[in-house]
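**Q** Quick one: this structure, given as structure tokens, is what I'll be asking you about.
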């Protein structure tokens, strides 16, 4: 048996399916043929058995995934030798699929299976095939019974496999060890290593694999070894195993089509390389490796998930990268998977396409209840800051799947955003009971404490979450926020910069860094970070707002205005009700004020007052603008309002004093509002005495009124009339 | 009676009847009450033989669907203007019944919950209205604790308040303590009532939902009462948010769909803050609502408008007479009549009308606080006491009752108790401006300017049309020697009452105090113009003369002094201090200019005044006689 028989990088592990697959590819046909035949036999028997087993549900092996694998292999991996069985085995595959086989083996206890078997025996229903069934059923207890023509080793292999599938690792280990000792077959070594891996004894797996130099000869073994080393956090050694670059890289870019529908090992190797680089904090290389993994095989969802959910790519990169991917391997699932992937991408741009993808999934595949599709909509809403809608949708999704870890972070963020302390409390308690070792649990707890303003506790739990999973971006940022809230800029900056290193694809850490520097007055540094963030995501209104503030502070009001206007347009598109938009309006108003565009400033301030309610500073600024415009009455009104809300507002006091001074020195001439209004009133009563044609007088009066308004201080009425006419 | 007039009366009757039942069904009880009162106050008129269209009342919206066909097309078109909401489906009607009972049980959150997906305008209104009320209740409750602690403070103060100094200090502190309460109505709307689970209601949220639901204002055709009430609600919310222009346009839309909702007219009125606005609004209303069905309500509105922003008294009387001919027994109209007399300071007549109202509708407490004001001014303590007793017999926990009792105590010079009752009135109805103003007056009586200012401030915050409060603010600041402030407040009150001499006078004296002589002269001149008998107003004349003197404009000064003195003749020997002073000044002036005979004449004229003045005059007279000789 040559060692080259383990699958190449173009194959998936399907190719070395436990028993049959590997044998079927093995070269010496003389040796191989009978075994393969046996395997096929068992396969078909199972199939025939499963036909009958439709009445008796307790046939664990028939329903076990292992058998399905055998059967599918029979059809997929061995095209030539078993021609005659081909039709049958696919039928068997279908049958086992329709029987919903996965649930089979876990349900019945051994005893009940035996009794079922004996029962069926008793009813004399037993044909040869069925007998095999029973034997396989009871093969843990009785391997004394001869299974047709199977050699002893094969039987042991079957046994090993079934116990592996049933997570009886000690059995699997025990038997696997024996098989390996008997045959010395590298495949058996591999499977033994697999058993070790599953039972968590990674070191033993590594030892086993390296002992036999398997890792040098077999890609599969190398992959498993790297995986083990990764689990053992021996990143350097793992990297040595997988190599720093992809050794199989085809310089010509030829694409070898995957034969068996599984995931190519080459891709998995790239993925694991990416994971190792990420663990070594080498994010550029990690990104490249993960991208390569996907380019080699789009089916490698883990690589895609890693790229997207860990924010390794900027929104733009995500979209361009997806466009380069080749989905043609997937045949009829091509559009389906493309849409699924598209719906995961960043929602900052190409919203239409995301929506299209969502609609496609919902219309064509009826996935409207599927959590991943909902997750996509949830993400969309969250990016648009429509928190209450987002919350509603999250709750809908969580009704199906209470602990869906892709939705929970967003859900928790929403609750925090909306101040839903009570629900945060509930969900974090539930999580802590059920998943005490999951980072999201502690992220939720941290958010709760943040919400109740217990900063130090919040920090404790955020850091706990980020220790459990250093690549959990929300927790990192929350952790940094706790410092920022307490005004500890230095610590906040170091936390944010760690976050920005971990998540090169997200603009948020850089944005927050810039904000911290802005608070500290280090404008050039702040600008640098904002520009970095802007490069990543130029669509976020929050960022645009901060940049506006920055330029405002640098006295570059024109630029400030430009950015703030951009921000304003962005939020107009989003049409959300978040409170943070108020600050954009306020800032815009201030830059209008600085630029001397008083009318616009007034409009903006009014908008702020309308949307956000009264605020002493806004009113004070409004009063100032009115004062500059020499509309004393309005200025005094606004300043009064400001002082009513906060009697100790010194600026407002000073401005009010000034306004009243101006008021004093205003000459009581014809254009003074007082004189105008008294004239109007007088005319009103004079007119009444005359009792002239009513309407005409009203008109002239209104005209006068408006003339008066120009000099006086009217606007409210003016607007009314515009509204009404 | 003219048959067309009878037809008009019939129409009005139908509409009122209809509005009363519909509005009460949709939980606008005050409007409904108003309509019903109007209905019962209508005059008798001969019923036409066919009274089929009097049956327009449809208690259930379900039935209306059935009845719609029973009506002859023309009649239903005429009476409702052809505007109806789509009738509810039976499922919607069931939902309505549920929501309605929940609303009546004051379970607003539940009501809103069950109506969450309602599409029918009336159901939508009920939902949002109950949301709003729930929010209101919750914010109110969160403020309540502050309020009760304040008033418990108060009662202890009342007892300790015998020591005047500490008492007033305490009351001031207490007012300060209440401060959040004041800022609350303006500020609270940004607060959302939270159930702590992420969903919250707040005014902007309700507004947003409303705006999404309401069609653009251009196509209001064919919408019915539900839609109108939605607009009404939107107006209310805008008003809470201090965006009067939007509020006004919402109310106007509401009115144009369904005019028979008095509360809506009332709210529209409360959105105005300046007289010029009222004129513009009136013009718009006149232009827009020309059709017959708006006329009667528009007339009512004009009456109320007049009360707030004095306009044309003749027009007012005419409208009032017309309406009284239709609604002879409508207490609201009579009150309007009394109020206008009150505003024109004809207290006797106003009191007389109020007496009538009490006979007509003895248990009606609305506006009775104004009656108590009248009795207070007319100094009829016994009648005031009777009214106070009677009102507390009817309902001790009405803001009006508390105001009456407060007035009673004030008349008895028990200002502390009076303040306590005003405070009670305000607890019962936080939007009672007159209570705030009157409480301010009480504090002035107690020489507690700061507290008075607080009170006036709040009055102005609630109702910026209250010139008395503005004037009070000006006076209070004058006492505190903060003339810049007081000038501004006098300007405000003057803008509201530009035809009132007192306002200009106050303004002038204020200008004088800050040494702005020119403006002061202007204001005094203006006051003089507005004075009913300009020649007799010696105070103003004398001040004018002095101011001119300050400017060294001796000629004008002299002429005003002379005018001042000549009033002596027309005033039938009533000699005021100013005349004395003017005479003395003239005498001195003439003496200085060596016109000794003139000087002698003026000096002789000084017969009243302080002994010093008389002494001085005599000296001049003596000197002059010497020189003349």
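**Q** Residues of the range A:389-398 being closer than 22 Å to residue A:430 by Cβ and over 16 Å from the mean Cα position of the chain (by Cα), which ones?
**A** Across the range A:389-398, the qualifying residues are A:392, A:395, A:396.
**Q** Also, I was wondering about something else. Give the residue, chosen from B:348, B:340, B:405, that is surrounded by fewer than 17 Cβ atoms within 10 Å (Cβ to Cβ), part of a helix (DSSP H, G or I) and out of contact with any strand residue (DSSP E or B) (no Cβ under 9 Å at 6 or more places or on another chain).
**A** Residue meeting the stated conditions: B:348.
**Q** Next question, about the same structure. Can you tell me how many residues within the range B:295-311 are within 12 Å of another protein chain (Cβ to nearest Cβ) and surrounded by fewer than 18 Cβ atoms within 10 Å (Cβ to Cβ)?
**A** Residues that pass the stated criteria total 0.
**Q** Which numbered condition in (1) outside any helix (DSSP H, G or I); (2) at pLDDT 90 or above is the only one that residue B:431 fails?
**A** (2)
**Q** Then there's this: Residue A:474 versus (1) touching a residue at least 60 places away in the same chain (Cβ under 8 Å); (2) within 20 Å of residue A:280 (Cα to Cα): which is the lone unmet condition?
**A** Of everything listed in (1) touching a residue at least 60 places away in the same chain (Cβ under 8 Å); (2) within 20 Å of residue A:280 (Cα to Cα), residue A:474 misses just condition (2).
**Q** Could you tell me which numbered condition residue B:292 fails, if it satisfies all but one of (1) at pLDDT 85 or above; (2) away from every other protein chain (no Cβ under 14 Å)?
**A** Condition (1) is where residue B:292 drops out.
**Q** Looking for something surrounded by 22 or more Cβ atoms within 10 Å (Cβ to Cβ), touching a helix residue (DSSP H, G or I) at 6+ places or on another chain (Cβ under 7 Å), within 13 Å of chain B (Cβ to nearest Cβ) and under 30 Å from residue A:570 (Cα atoms) - is there at least one such residue anywhere in the range A:394-402?
**A** Scanning the range A:394-402, I find at least one residue that is surrounded by 22 or more Cβ atoms within 10 Å (Cβ to Cβ), touching a helix residue (DSSP H, G or I) at 6+ places or on another chain (Cβ under 7 Å), within 13 Å of chain B (Cβ to nearest Cβ) and under 30 Å from residue A:570 (Cα atoms), so the answer is yes.
**Q** If you check A:444, A:419, which single one turns out to be modelled with pLDDT under 85 and farther than 30 Å from residue A:357 by Cα?
**A** A:419 is the lone residue from the list that is modelled with pLDDT under 85 and farther than 30 Å from residue A:357 by Cα.
**Q** Continuing with the same structure: Condition (residue is at negative phi, surrounded by fewer than 22 Cβ atoms within 10 Å (Cβ to Cβ) and within 11 Å of chain A (Cβ to nearest Cβ)) applied to the range B:472-482: is it met by at least one residue?
**A** yes
**Q** Which one of A:609, A:622 is in contact (Cβ under 8 Å) with a residue 12 or more places away in the chain, within 11 Å of chain B (Cβ to nearest Cβ) and surrounded by 21 or more Cβ atoms within 10 Å (Cβ to Cβ)?
**A** Result of the check over A:609, A:622: A:609.
The values are calculated or read from the model by the stated rules, or taken from the named source; none is laboratory data. Values in this document were obtained by computation on a predicted structure and should not be read as measured data. When we count neighbours, we look across all protein chains shown, and the Cβ atoms used for this are built from the backbone with ideal geometry, even at glycine.
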